[in-house]
Amino acid sequence: MASAVRGFWLMTWCGLVGNVLALPLIGWFAFTSTALRAANISVAFSLAWPAAIVGIVASAGLLARRRWGVIVAIVALSMALAASLPYGIVRLALISVGADPEALPLGGLSLLLALVNLLALLYWCRPEHRQFLRGSLL
C-alpha cells in the first residue's frame, strides 16, 4: 500500500468537519443578518450550501481513497472560493461608502475563508495526490 501524501488525512478530516459545521452556520448568517437579507439568502441557497454539500461528498470520497475525491474537492473549493471572495469584497466595499457599518465582521470572515479555500485548493491541486490514489486503487 502506498504511503499517504503529507497532510492528506488532516486536510480530509478538516474538510469534512468544516463542511458539516458550515451547513448550520451558513443558515444562521443568511437568516439573521438584517443588511442585504435577500442577497444573503440567495447566496446561501445558490452557492454556499451546494459548495458545502459537495465538500462533504468530496471528503467522503477522500476518506474512502477514491480517485474522484480529489477532483470533487477541487470543485467544492472552487465553488466556495467563487462565493466567498466576491461576497467579502462587496461587504467591505459597503463599509467604505457607509451603506453598512456592521458589514466588517462578515466581510472579513468571508475574505479569510476565501484565503483558506485558496490555500486548500493549491494543496489539492498538487500532482502527488493523483499518484498516491492511483497507486492504491485497482
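The values are calculated or read from the model by the stated rules, or taken from the named source; none is laboratory data. Worth saying up front: this structure is predicted, and the values here are computed from it rather than measured. Don't worry about glycine lacking a Cβ; one is built from the backbone with ideal geometry, like all the others, and counts go over all protein chains shown. Quick note on the areas: whole protein, heavy atoms, side chains included, nothing else; ligands and nucleic acids left out. Shrake-Rupley method; radii C 1.70, N 1.55, O 1.52, S 1.80 Å.
Structure data summary
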{"item": "Using alpha-carbon coordinates, inclination of helix 104-124 to the longest axis of the chain, degrees", "result": "20"}
{"item": "Peptides ranked, highest mean first, by Cβ atoms within 10 Å: ranges 20-32, 73-85, 53-65, 102-114", "result": "73-85, 53-65, 102-114, 20-32"}
{"item": "Relative contact order computed over the chain (Cα-Cα under 8 Å; 6+ residues apart), in percent", "result": "26"}
{"item": "Where region 10-91 is the region considered: accessible area per residue in Å², 1.4 Å probe", "result": "51"}
{"item": "Nitroxide proxy distance, nm - points 7 Å out along Cα→Cβ at Thr32 and Val75", "result": "3.2"}
{"item": "Nearest 10 degrees, 0 to 90: helix 68-96 Cα axis against the chain principal axis", "result": "20"}
{"item": "Within the chain, helix-based [θ] at 222 nm, where runs of 4 or more DSSP H residues each add -39,500 (n - 2.57), nearest 500", "result": "-26000 deg cm²/dmol"}
{"item": "Percent of Cα pairs exceeding the 16 Å cut-off, where the set is region 7-52", "result": "42"}
{"item": "Accessible-area composition of the chain, carbon plus sulfur, in percent [1.4 Å probe]", "result": "76"}
{"item": "Approximate spin-label separation Arg126-Ala64, in nm, with each point projected 7 Å along Cα-to-Cβ", "result": "2.5"}
{"item": "Spread of Cα-to-Cα distances over 5 Å intervals beginning at zero, given as percent, for the chain", "result": "2, 10, 19, 22, 15, 11, 8, 6, 4, 2, 1, 0"}
{"item": "Largest-first ellipsoid semi-axes for region 51-124, taking √(5λ) over the Cα gyration tensor eigenvalues, angstrom", "result": "31, 9, 8"}
